[in-house]
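Undergrad: Sharing a structure below in structure tokens format, with a few things to ask.
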Amino acid sequence: EGIAKKYSVVPSHNSPEFAMAYKMKNRAKQDILRLFLRILFLVFVILQLDLGLDWSWWLVFIPVWLASFCVCFGSVRNFVMVQAVAAERDPEYFGGKRAENDNKATADGTGGDIESQANYGAMGDGNTPEEKSEPISPAEREALQAQIAMSGQQVMSSCCSQCFLLVIVCLIVAKLQNPEAYSAFWIIFPLLLMAGLVLCC
């Protein structure tokens, strides 16, 4: 009971509990990285304004560019991980070409070499039996399909929202870098454009 309170115990690497724990760990890493980048951005802004440093505003906003990249990269990585878990759970349905390549490698007699190379450097004495996945039920297959679809939607929403945010931030940075470049109206123009499209639709 004491171990269960401090750690997340998962039955196997192919279990949904392992995927959930792995996702929580990646999310915690992303939250820590975002917090660090926000603090770094505030430090850069304070140094630029109070100390009068002659830095380019494009350099001051480097933490913002990195934060947007991390958000998009994290969403794509989560989508790839969900697809990999689904392919391991049901290779025939979600594996696609991977399952065909595994069958060809087994028929050619090269599957053992590939598997031994994949297990090279793994913990253990090498005599541990492989985990065999149980047959998947239609309900579990539908749940995996829903997880893949949800991850794909998260990738699209994250990338689109970050691109829209970067457009506005670039307009702000360009205005700060050269106040005479254009009117401040163009900074809020993307917001007005999106509001108009939403109202029209």
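The values are calculated or read from the model by the stated rules, or taken from the named source; none is laboratory data. All figures in this text were calculated on a predicted structure; none of them were measured in a lab. Every residue, glycine among them, receives a Cβ derived from its backbone with ideal geometry; neighbour counts consider all protein chains shown. Note: accessible area is taken over every heavy atom of the protein model, side chains too, but ligands, DNA and RNA are not part of it. Shrake-Rupley method; radii C 1.70, N 1.55, O 1.52, S 1.80 Å.
Undergrad: Does any residue of region 129-145 turn out to be modelled with pLDDT of 90 or more, among the small types (Gly, Ala, Ser) and open to solvent by 50 Å² or more (accessible area, probe 1.4 Å)?
TA: Within region 129-145 (the criterion being modelled with pLDDT of 90 or more, among the small types (Gly, Ala, Ser) and open to solvent by 50 Å² or more (accessible area, probe 1.4 Å)), the answer is no, since none of the residues qualifies.
Undergrad: Restricting to region 41-62, what's the tally of residues that are loosely packed, with under 15 Cβ neighbours inside 10 Å and either farther than 17 Å from Phe73 by Cα or acidic (Asp, Glu) (or both)? Working first, answer last.
TA: If we filter region 41-62 for residues that are loosely packed, with under 15 Cβ neighbours inside 10 Å, which is where we start, we get 42-43, 45-47, 49-56, 58-59, 62.
When the remaining residues are screened for being either farther than 17 Å from Phe73 by Cα or acidic (Asp, Glu) (or both), the result is 42-43, 45-47, 49-56, 58-59.
Number satisfying all stated conditions: 15.
Undergrad: Within region 146-167, work out how many residues are among the β-branched types (Val, Ile, Thr) and either modelled with pLDDT under 90 or surrounded by fewer than 15 Cβ atoms within 10 Å (Cβ to Cβ) (or both).
TA: 2
Undergrad: Oh, and also: Among all residue pairs at least 6 apart or on different chains, which show Cβ distances below 7 Å where the first residue, located in region 148-163, is over 10 Å from Asn78 (Cα atoms) and the second is aliphatic (A, V, I, L, M) and open to solvent by less than 80 Å² (accessible area, probe 1.4 Å)?
TA: That search, which allows pairs on different chains as well, returns Ser158/Val71; Gln162/Val71.
Undergrad: Scan region 63-103 for residues that are within 18 Å of Phe164 (Cα to Cα) and either at pLDDT below 80 or open to solvent by 80 Å² or more (accessible area, probe 1.4 Å) (or both) and jot them down.
TA: Scanning region 63-103 gives Leu66, Phe69, Phe73.
Undergrad: Has region 15-30 got at least one residue that is among the charged types (D, E, K, R), surrounded by 13 or more Cβ atoms within 10 Å (Cβ to Cβ) and either modelled with pLDDT of 90 or more or touching a Lys or Arg at 6+ places or on another chain (Cβ under 6 Å) (or both)?
TA: Among the residues of region 15-30, not one is among the charged types (D, E, K, R), surrounded by 13 or more Cβ atoms within 10 Å (Cβ to Cβ) and either modelled with pLDDT of 90 or more or touching a Lys or Arg at 6+ places or on another chain (Cβ under 6 Å) (or both), which makes the answer no.
Undergrad: Name the residues in region 180-197 that are open to solvent by less than 90 Å² (accessible area, probe 1.4 Å) and under 13 Å from Cys170 (Cβ atoms), would you?
TA: Ala181, Tyr182, Ile187, Phe189, Pro190, listed by residue number.
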